[in-house]
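Below is one structure; the comments refer to it alone.
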Amino acid sequence: MDLFEKCATPPLALQMKDAGFDAFYRVLQSACDTEVVVDGRRLIMLGSNNYLGLAVDPRVKNAAAEALSTWGAGTAGSRCLNGTTDLHSDLEKRIARFYRRDAALYYTSGYMANLGTISALAQRGDFVVVDKRAHASIVDGAKLSYAEVKRFRHNDAGDLDRILESCGDSGGKLVAVDGVYSMDGDIAPLPRIVEVCRKRGARLLVDDAHALGVLGRTGRGTAEHFGVEDQVDLIVGTTSKALPGLGGFVVAEQQVIEYLRYGATNRPFIFATAAPAHVVASVRAGLELIDREPALRNRLWTLTRRMLHALQGMGFDTGASRTPIIPITVGTLERTFEMWRKLSEEGIFVNMVLPPAVPNSGCLIRMTLTASHTDEQIDRVLDALERVGAELGIIPGRSEPPKIREVG
Ligand code: PMP
């Protein structure tokens, strides 16, 4: 059998494209700001992870430009050989200080941070227990690890307890969860999860890709939000969302970071080229701004409350979202695409979440907010959503808003 035979059956996204539902791989003709240009038209951007607007902040761009002229375009090598510059070392120190932790390790992507950290720490005879909705990079890290992989029901600490008990006492146990789930915008119940991990002697990794800079009084994420920072062993983050640039990191105690930095098992760290200096410089500038400008986070939460309140008032189902990631459950693929298309015609950029990420009849429109969205942009978005939602029969029409739901 020819290896390429499978390629003759197009994947879902390509089948959709061929059927005229061309919703993926849209080409942006402008920077990722609150409005973007696609096919020559301006759209309000509700489909990025640029939570604090820092991806286009002039201070961040200046820091990157300066580093580019000093250090050039690439590192041309792995972190462990020639790819560590002053900037990389300095960023790791600053990330550790930001989290009030011993040490940090900076990878070239967030995906690699999970892949490397999990696969290096969990080995044959150990267990990795992951939430059923955990990000693909957690699942892939667990698969790469040679440890036994188990999954527990989403956000269900009771199920986690049962599964950890079934692991027995012979191997080490790592529990890995997202702090904020990227599709539904719900938050992991960390207080209950840390309690179970303690009781069962398991180490806990929290992937805070969507919580860094967003949740917690100072933006330190889900563990800060719940006041359980001292009980989370490893925090993974990405430097491509609230933090502007590319890359990912893990923070932990010194000995663990040294093991990850110098041990031979952290293959995604060792066998990949280090991020270029201008990327590191933009992340560093972003970290300073997260620290210095809590107003950005406050603005994001003001918009989040407004949006959730308004959408629920209109009758949309926003699921368990409590964060700037706001999904709307639409239903079938066709209906969801229709909503996506109409919103696009109204000048709004949103994303669709389709099977297998959701059940066949539970397709979502996923929206994310940015601190720099203006009130006027949000007015336009809400107007369009109400019109399109009513046209498609997703919402009943105008109704009184319910009492505001607690978020943040
Ligand atoms: N973890 C989560 C929860 C994510 O959503 C993502 C990417 N969106 C990653 C990890 C991977 O990060 P990166 O895009 O930096 O590779």
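A few points about this structure:
- Matching residues, region 38-57, being over 13 Å from SER344 (Cα atoms) and not in a loop (DSSP other than H, G, I, E, B): LEU54, ALA55, VAL56
- ALA223, sole failed condition from (1) within 16 Å of the ligand (Cβ to nearest atom); (2) not in a helix (DSSP H, G or I): (2)
- Region 228-242: number of residues that are more than 11 Å from the ligand (Cβ to nearest atom), part of a loop (DSSP other than H, G, I, E, B) and under 14 Å from ALA211 (Cβ atoms): 3
- Filter result for GLY245 (farther than 18 Å from VAL129 by Cβ and either near the ligand (Cβ under 10 Å from one of its atoms) or outside any loop (DSSP other than H, G, I, E, B) (or both)): yes
- For region 180-201, a residue qualifies if it is at positive phi and within 16 Å of the ligand (Cβ to nearest atom), and exactly one does: GLY185.
- Among the conditions (1) more than 10 Å from the ligand (Cβ to nearest atom); (2) crowded, with 24+ Cβ neighbours inside 10 Å; (3) in a strand (DSSP E or B), the only one that LEU204 does not satisfy is (2).
- Residue satisfying all of: in region 269-328; farther than 24 Å from TYR181 by Cα and aromatic (Phe, Trp, Tyr); surrounded by the most Cβ atoms within 10 Å (Cβ to Cβ) among these: PHE269
- The residue that is surrounded by the most Cβ atoms within 10 Å (Cβ to Cβ), counting only those in region 32-43 that are more than 24 Å from LEU333 (Cβ to Cβ) and more than 20 Å from the chain's Cα centre (by Cα), is VAL36.
- Restricting the first member to region 129-149 and to residues that are under 19 Å from PHE269 (Cα atoms), and the second to residues that are crowded, with 24+ Cβ neighbours inside 10 Å and of a type in the set (S, T, N, Q), the beta-carbon pairs closer than 6 Å and six or more apart or on different chains are SER137/ASN114; ILE138/ASN114; GLY141/ASN114.
- Qualifying positions in region 248-275 - away from the ligand (no atom under 15 Å from the Cβ) and either charged (D, E, K, R) or closer than 26 Å to SER69 by Cβ (or both): GLU253, GLU258, ARG261, ARG267
Here is a yes/no grid of residues against (1) in contact with a Phe, Trp or Tyr (Cβ under 7 Å, 6 or more places away or on another chain); (2) farther than 21 Å from ALA252 by Cβ; (3) in a helix (DSSP H, G or I); (4) in contact (Cβ under 8 Å) with a residue 40 or more places away in the chain:
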position	(1), (2), (3), (4)
ARG59	no, yes, yes, yes
ALA63	no, yes, yes, yes
ALA67	no, yes, yes, yes
ALA76	no, yes, no, yes
CYS80	no, no, no, yes
THR84	no, no, no, yes
HIS88	yes, no, yes, yes
LYS93	no, no, yes, no
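- Candidates TYR107, TYR99, TYR111, filtered to the one that is buried (at least 23 other Cβ atoms within 10 Å of the Cβ), within 16 Å of the ligand (Cβ to nearest atom) and touching a residue at least 12 places away in the same chain (Cβ under 8 Å): TYR107
- All positions within region 129-153 that are of a type in the set (Lys, Arg), more than 16 Å from the ligand (Cβ to nearest atom) and in a loop (DSSP other than H, G, I, E, B): ARG153
- Residues that are touching a helix residue (DSSP H, G or I) at 6+ places or on another chain (Cβ under 9 Å) and crowded, with 22+ Cβ neighbours inside 10 Å, drawn from region 164-184: LYS173, LEU174, VAL175, ALA176, VAL177, ASP178, GLY179, VAL180
- Options LYS241, LYS199: the member that is out of contact with any Pro (no Cβ under 8 Å at 6 or more places or on another chain) and over 24 Å from LEU115 (Cα atoms): LYS199
- Scanning region 137-163 for residues that are of a type in the set (A, V, I, L, M, F, W, C), within 23 Å of ASP186 (Cα to Cα) and in contact with a helix residue (DSSP H, G or I) (Cβ under 8 Å, 6 or more places away or on another chain) returns ILE138, ALA142, PHE152, ALA157, LEU160.
- Filtering region 62-102 to residues that are of a type in the set (Phe, Trp, Tyr) and under 14 Å from VAL279 (Cα atoms) leaves only TRP71.
- The set of residues from region 237-251 being of a type outside the set (Lys, Arg), surrounded by 23 or more Cβ atoms within 10 Å (Cβ to Cβ) and closer than 20 Å to ASP140 by Cβ comprises GLY237, THR238, THR239, GLY247, GLY248, PHE249, VAL250.
- Options GLY201, GLY158, GLY168, GLY213; residue that is among the small types (Gly, Ala, Ser) and within 28 Å of ARG97 (Cβ to Cβ): GLY213
Conditions (1) at pLDDT below 95; (2) over 30 Å from PRO58 (Cα atoms); (3) assigned to a helix (DSSP H, G or I), marked per residue:
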position: ALA264; (1), (2), (3): yes, yes, no
position: PHE269; (1), (2), (3): no, yes, yes
position: HIS278; (1), (2), (3): no, no, yes
position: VAL283; (1), (2), (3): no, no, yes
position: GLY286; (1), (2), (3): no, no, yes
position: LEU289; (1), (2), (3): no, no, yes
position: LEU300; (1), (2), (3): no, no, yes
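The values are calculated or read from the model by the stated rules, or taken from the named source; none is laboratory data. Fair warning: this is a prediction, and the values are worked out from it, not measured in the lab. Neighbour counts are summed over all protein chains in view; Cβ atoms, including those assigned to glycine, are modelled from backbone coordinates with ideal geometry.
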